[in-house]
Each structure stands twice: as structure tokens, then as C-alpha cells.
Amino acid sequence: MSTQEECTAHPLCLSGPLTIYEAGEMKERLLARHGATLDLSGVTECDGSGIQLLMLIHRDAGSRLTAASETVAEALRLCGLSHLIEKQP
């Protein structure tokens, strides 16, 4: 899992897998980015730990989740959490 700040105006772009193997490593970095907009279009894999991390940073850090990849959108939909992804204008 990597992060890049250059993808559009200000979002923090996540790319690669967001699974149990990356979630622990990413947790503190993402929580520290309070209020950040996260572009999830580059996330290629998302398991239960990834979903848990997205819920945590949305709730505790006030992060905005945008541009979900098909993988993330489907995982969140299956968990009844599609509302976490903000619609792009």
C-alpha cells in the first residue's frame, strides 16, 4: 500500500492492496492526517481489515473517502457501508 499526495488537487491517493498486511502499517499514518480526503481509486484489494481501517479513519480522523475503486466499492456495498464514500460532483 502506498500513498501519494499528487493525484489531484489535495487528496491523499491510496494505491495497492488494503488488507490485514497493510492496515496496521497504514493506521497511524492515516489517523495523523486528520480531515484528509482519501482517493481510493488505486486500491486493488480490500479485506475486512481494510474496511475496518476505512471506517476508523472516517469516524475518528474525520477523513473523507472518495473515488472508490470497484474493489473497495463492492466490499463496502457488501457490508452495507456504501454511504462512507462521498459522491464526486
Problem set entry | MRE, 222 nm, helices only [DSSP H, n ≥ 4, -39500 (n - 2.57), over the chain, to nearest 500] | -12000 deg cm²/dmol
For this session: Nearest 5 is fine: what % of DSSP beta bridges in the chain come out antiparallel, could you say?
Result: 20 percent
Seminar exercise, completed: Sorted by chain and number, the residues with a modelled amide H under 5 Å from that of R64, at a separation of 5 or more or across chains, are A36, T37, L38
Exercise. For region 11-58, what does the alpha-carbon gyration tensor say about shape, rounded, prolate or oblate, given a ≥ b ≥ c as the root eigenvalues, a/c under 1.5 as rounded, and a/b over b/c as prolate?
Worked result: oblate
For this session: For the chain, just run the numbers: alpha carbon Rg, then divide by 2.2 N^0.38 Å, N being how many residues it has.
Result: 0.94
Exercise. Under the definition of Cα pairs under 8 Å and six or more residues apart, what whole-number percent is the relative contact order of the chain?
Worked result: 27 percent
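Read the figures in this text as sums done on the coordinates, not as results from a lab. All figures in this text were calculated on a predicted structure; none of them were measured in a lab.
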